[in-house]
Amino acid sequence: MKYYGIKGEKYKNIVNDWEEAKKIISEIKNPKYKSFLSKDEAEAFINDVELSDGITEPKCYIDGSFNQDTNEYSFGGVLIINDKEYTFNKKFDKDEYSEYRNVAGEIKGASFIINYCIKKGIKKLHLFYDYEGIEAWYTNRWNQNTLISQKYAEFRDNVKDKIEVIFHKVKGHSNNRYNDLADKLAKEALGIK
């Protein structure tokens, strides 16, 4: 079942039917709306409350972006350690990985933050991503049959004894504060909005 959270200037409601949601959206001023799989998430959305993921260990959120005009790609990342936020982003010029578009940025971002954590002596990291290959290639769930996935697997082989990475899938553009910030940082690195 889906829950549609709908809010406007003087309106907040959750409905279970998309047709009903569309009718409400057309009738209220400045509507904002989103679908959710749980009622708790929908309630948090309409009440502007951020749900905690409950993880207190070091965690990061990564995202990638791509500029199709220049074939440049980038990543944005947010690392949270002891409630302190560290933000990262980097642009990469056109190279042999550009054909993988934003995926190249996400792979480079995951690798960068994992390396950063190793240098800081962190032994366990929760990594939040919205592209499944970030976890699937790292854990060998997917075959590494592309250049970028092969390089990522080589990276994993070099770091797997130094840090434990626990993966968490996040729905892209789902109003998750840190995932949205990682997306924004990736775009800023490319100078796009």
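The values are calculated or read from the model by the stated rules, or taken from the named source; none is laboratory data. For clarity, every value in this text was computed on a predicted model and none was experimentally measured. Note: ideal-geometry Cβ built from the backbone for every residue, glycine included; neighbour counts use all protein chains shown. Side chains included, ligands, DNA and RNA excluded: accessible areas come from the protein's heavy atoms. Shrake-Rupley method; radii C 1.70, N 1.55, O 1.52, S 1.80 Å.
Side notes on the structure shown:
- Within a Gaussian network of the chain (alpha carbon springs, distance under 10 Å), most fluctuating of Leu125, Leu79, Leu37: Leu37
- Restricting the GluC sites (Glu not before Pro) of the stretch 124-193 to loop positions (DSSP other than H, G, I, E, B) with no more than 13 neighbouring Cβ atoms within 10 Å leaves Glu132.
- Percent accessible area from carbon and sulfur atoms, the stretch 34-93, protein chains only, probe 1.4 Å: 41
- Per DSSP, loop trypsin sites (Lys or Arg not before Pro) in the stretch 1-95 with at most 12 further Cβ within 10 Å: Lys10, Lys29, Lys94
- Gain on full stretching of the segment that runs from Val159 to Asp93 - 0.36 nm per residue minus C-alpha separation: 21.2 nm
- Stretching the chain fully between Asn82 and Leu37 yields a gain of 13.2 nm (0.36 nm per residue, less the alpha carbon separation).
- Cubic angstrom per residue, convex hull over Cα atoms of the stretch 1-67: 143
- Only helices reaching 24 angstrom along their own axis (Cα) with mean Kyte-Doolittle hydropathy no lower than 0.5 count here, and for the DSSP H runs of the chain these are 102-119.
- Computed over every Cα-Cα pair of the stretch 95-193 and binned at 5 Å starting from 0, the pair-distance distribution P(r) comes out as 2, 12, 22, 25, 20, 14, 4, 0 percent.
- Rg and Dmax of the stretch 77-132, both derived from C-alpha coordinates alone, stand at 12.5, 37 Å.
- Excluding ligands, DNA and RNA, the accessible surface per residue across the stretch 59-193 is 51 Å² with a 1.4 Å probe.
- With the alpha-carbon atoms of the stretch 6-147 aligned to their principal axes, the span from lowest to highest coordinate is 50, 39, 28 Å, starting with the largest.
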